[in-house]
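See structure below.
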Amino acid sequence: MLRPRTLLSCLLLSASLACAQSQIQSHALSNGIEFSANGTTLRIVALRDDILRVRESHDAPLPEDASWAVLTPSRTAQVAVTPQPDGFETQSLRVSVTPDLRITVSDLEGHILQQDSEPVRWDGTRFRISKEKALDDHFFGLGDKPGPLDRAGQSYVMWNTDSFGWQESTDPIYKSIPFFLEFHEGRALGVLFDNTWRTYFDFGHEMPDTYSFGAPNGPIDYYLMYGPAPKQVVEDYAWLTGPTPLPPLWALGFQQSRYSYETETRLMQVADRLRADHIPADALYLDIDYQVKNRPFTVNTEAFPNFPAMVKKLSDDHFHLVVITDLHIADLPNQGYAPYDSGVAGDEFVKNPDGSNYVGPVWPGPSVFPDFTRQKSRQWWGTLYKQFVADGVAGFWNDMNEPAVFRYPTKTMPDDVQHRIDEPGFTPRTANHLEIHNVYGMENSRATYDGLLALRPDERPFVLTRASYAGGQRYAATWTGDNSSTWNHLRQTVPQILNLGLSGFAFSGADVGGFAGSPSPELLTKWLELAAFQPIDRDHAAKGTRDHEPWVDCPEQEAIRKRYIETRYRLMPYLYSVAEETSRTGLPIDRPLFLEFPNATSDGHPFDLDAGSEFLLGSELLIVPNPSPEEVAPYEVHLPPGTWYDFWTGERIDRRGQASGLDLEKRDDLLAQKPLMLTPRLDTLNAYVRGGSILPMAPVTQSTDVTPQGPLTLRVYPDFATGQSCQGEVYTDDGHSFAYRQGAYLRERFTCSVNADGSLTLRETAHEGSYQPWWKSFHVEVYGWQPHQKTVELASGHAALQQHDGVVSTEIPDTGTNLTVTLR
């Protein structure tokens, strides 16, 4: 099938390419092909059958083959290809190149996946790559850029920027992740444009039938990842750049922060109140005011007179302390400031063009900046954490690392600041700030992550970064920066976190309640409800704003907020299992609906475009916020095809009419005839469980450090749309070390089926891994199914079966072996 303009382009080319034919030279490679024409070199290679790499240069050799983003084994991988007269084929893709070096990529059935609309435009070092765009193309990714989930019709700039109080139209903000996923007629293709300069992307903003990307300098070096399922594209991107590592369990718990808890007394008051009110929590944060005059790696002993003892007391109460460590080192020669003195001694700071240390004003005043493009300087930076680690600080927060500098309208370093690249895999050289700016924050978080590993080799680091680049998920979690206490910013949270997840950053969050400003009681409550189902649940606020802690306002508000935080802790076995899946596959924790339901619409458009602000937590739990959260009018819920269960009530909702086996147009017609309307309530965030799921849940604890008491609950939700079966799994380990890599983990898989006689059979596989879980038995709850005899048949005999409010339940032992249980 030809995309728009393709036929016309072919006709025009046929008249003009005869003369160009004699000027083009091609050279077949074992894994691709290289073309040369009129001073331009184009090389296209296959890393895998479904992943291509495209490099191009003009009036110069291809640039250095190195990357801050792409893993070396992936970047250098290759598969054999089958040569064609104008390109090559893999087992999945066909690549063809015209004499004027325009690229077309198709699948083997002839569907065009991507096609250049014109040759690359060069203007000195500046270039622009243009691709044909259909009017029904959709684009996702680019990290946490504000605005709608779908990037179609928009344009963006990649330039990490300190953007306090950003708004929906603000661009750029803190991160530069030049990866996007194109969705066309149900087929997904991913693009990673690996250029660290100030890059730009236009998804039909300038010309509706063209999308483009380019840069003022740097390499043309981009990767194409073919699905066709969007899940496969996301997994391919993780194969290229690395998945989010498995976090420590405590980092999934509720986190309380503020700019600032300025004294030890105030911090301990917050900790004591959380425990006194029985609000589960795992982490407390210290912002810059715990330091001496905002100087990183210092502690103000007047405000925090017993810092090591305080950290130990918090740890004894099952709190993990996270402290901020900004990268700007106060410029304090001959004043006994160790980070400065050791940095100068090792020549660790970035330079002015004349070779002197660059100095710029930030929170401590005049400051110098580590040269993170040097492996040696990153190693030095890691040693600065030694005392904090010895004191028991659990995690570290790298803020202001765009890098933010207060002096200039650009809010960052001058363009001519010098960075010395001295890094394995790179040729040693000096680069100016224009090239390094977008990777500077990522290399800061890398230095922190690697430093913590060196100091605590068997403890999973927790690093939170504000700025990053593609691949930065290997080193740090992130958040959406200095958002605002408005209903619109609550609404923005969902598309930002979803696009971050698609862009590799599965472990992310947004400041709960909004950083800038003071939320109303209702806004804070709704934000705490939503955050309970997002990867990072951190309540944070700026100076001068009213308190954001869960107990502010009135007991009724606190009770709602507490219930949602408790729900998060009940879901911890499921949430941790999803995080473990993420660490293996790269699939995000919070997911757009099209990732799990790519074929849910008749014309192939992403289902999310109909579904407002809905998103999935893992593959099984659908969260349905009000798309206009400040409004009180009823709103419509769009459930994907299949059977769904209300998470709170267990009510079954049948969407079998949209099952994939039906005619697609009839499927959409049926959906339109059965709208599900919800009336907003302050105390309710609607959620639904996917039919066919088995959801593991735990008793509430006040911290993930505390061992739950009682059985592991298995909520069983048969899928009456696809044969009445279900499946699920639970993963656990010690929650903090790397022992799971040596087999010290537990994975249990479960299935169920509803039999012809109406009975239900639940099966458990034998334990995988050597870790012993906290539970000894399962509390089984079955939804949407009616027993006939109210008996449970086990290999060891019979057990009791209860039924209450439509939920059938029983308790069975976890024997650790293959187990079959029949409920009648």
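Please treat every number below as a calculation from the coordinates, not as lab data. Everything quoted here is computed from the prediction, not taken from an experiment. Cβ atoms come from the backbone with ideal geometry, glycine included; neighbour counts cover every protein chain shown.
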Normalise the Cα radius of gyration of segment 209-248 by 2.2 N^0.38 Å (N = residues in it) and let me know the number. 1.59
What span do the alpha-carbon atoms of segment 388-499 cover on each of the three principal axes, reported in whole Å from largest to smallest? 49, 41, 26
Please label the shape of segment 567-641 as rounded, prolate or oblate, based on the square roots a ≥ b ≥ c of the eigenvalues of the alpha-carbon gyration tensor (a/c under 1.5 means rounded; beyond that, a/b larger than b/c means prolate, else oblate). oblate
With a ≥ b ≥ c from the Cα gyration tensor eigenvalues, square-rooted, and the rule rounded for a/c under 1.5, otherwise prolate when a/b > b/c and oblate otherwise, segment 480-522 is prolate
State, to one decimal in nm², a quarter of the convex hull surface area for the C-alpha atoms of segment 316-371, i.e. the direction-averaged projected area. 5.4
Count the lysine pairs in segment 249-579 whose Cα atoms sit under 20 Å apart, keeping only pairs 8 or more residues apart in sequence or on different chains. 7
Which value in deg cm²/dmol, rounded to the nearest 500, describes the helix-derived mean residue ellipticity at 222 nm for the chain, given -39,500 (n - 2.57) per DSSP H run of n ≥ 4 and division by the residue count? -6500 deg cm²/dmol
Is the shape of segment 45-84 rounded, prolate or oblate, going by the alpha carbon gyration tensor and its root eigenvalues a ≥ b ≥ c, with a/c under 1.5 for rounded and a/b larger than b/c for prolate? oblate
Give the Kirkwood hydrodynamic radius (Å, one decimal) of segment 132-205, defined as one over the mean of 1/r across all pairs of different Cα atoms. 12.8
The rounded separation in angstrom of the Cα centers of segment 360-389 and segment 221-259 is 27
Specify, per residue and in Å³, the volume enclosed by the convex hull of the alpha carbon atoms belonging to segment 365-438. 118
Less than 18 Å apart at the alpha-carbon level, and either on another chain or at least 8 residues along: which lysines does that give for K145? K175
Can you give me the Rg/Rh ratio for the chain, using Cα atoms for both radii and the Kirkwood formula for Rh? 0.98
Correct semi-axes for segment 93-189, from √(5λ) of the alpha-carbon gyration tensor and rounded to whole Å with the largest first, are 29, 18, 10
Based on the mean of other beta carbon atoms within 10 Å per residue, what is the order of 525-536, 338-349, most packed first? 525-536, 338-349
Mean shadow area of segment 249-579 over all directions, Cα convex hull, nm²: 16.8
At q = 0.09, 0.17 Å⁻¹, what base-10 log of I(q)/I(0) does the Debye formula yield for segment 694-823 when every alpha carbon is treated as an equal point scatterer in vacuo? -0.28, -0.91
Search the structure for amide H atoms under 5 Å from the amide H of H205, placed 1.01 Å from N in the peptide plane, and list their residues when 5 or more places away or on another chain. G153, Q154
For segment 6-241, which semi-axes, largest first and in whole Å, follow from the square roots of 5 times the eigenvalues of its Cα gyration tensor? 28, 19, 19
Quick shape summary for segment 275-380, equivalent ellipsoid via Cα gyration tensor, semi-axes whole Å in descending order, reads 33, 15, 12
Per-selection Rg to Rh, segment 302-453 - Cα, Kirkwood hydrodynamic radius: 1.00
Relative to the Cα centre, what is the charge dipole magnitude of the chain, using +1 at the beta carbon of each Lys and Arg, -1 at the beta carbon of each Asp and Glu, and rounding to the nearest 20 debye? 760
Segment 196-215-segment 456-493 distance, computed between alpha-carbon centres (Å): 26
For 415-427, 229-241, ranked highest to lowest by mean beta-carbon neighbours within 10 Å, the order is 229-241, 415-427
For segment 249-579, with the dipole built from +1 on Lys and Arg beta-carbon atoms and -1 on Asp and Glu ones, taken about the Cα centre, which of L523, F307, P495 lies farthest toward the positive end? P495
Which of the listed residues, C752, G650, I103, is farthest toward the dipole's positive end in the chain, when Lys, Arg count +1 and Asp, Glu count -1 at the beta-carbon? C752
With charges set only on the Cβ (+1 for Lys and Arg, -1 for Asp and Glu), what does the dipole of segment 68-130 come to about its Cα centre, in debye to the nearest 20? 300
Relative contact order, percent, of the chain when contacts are C-alpha pairs under 8 Å separated by at least 6 residues? 10
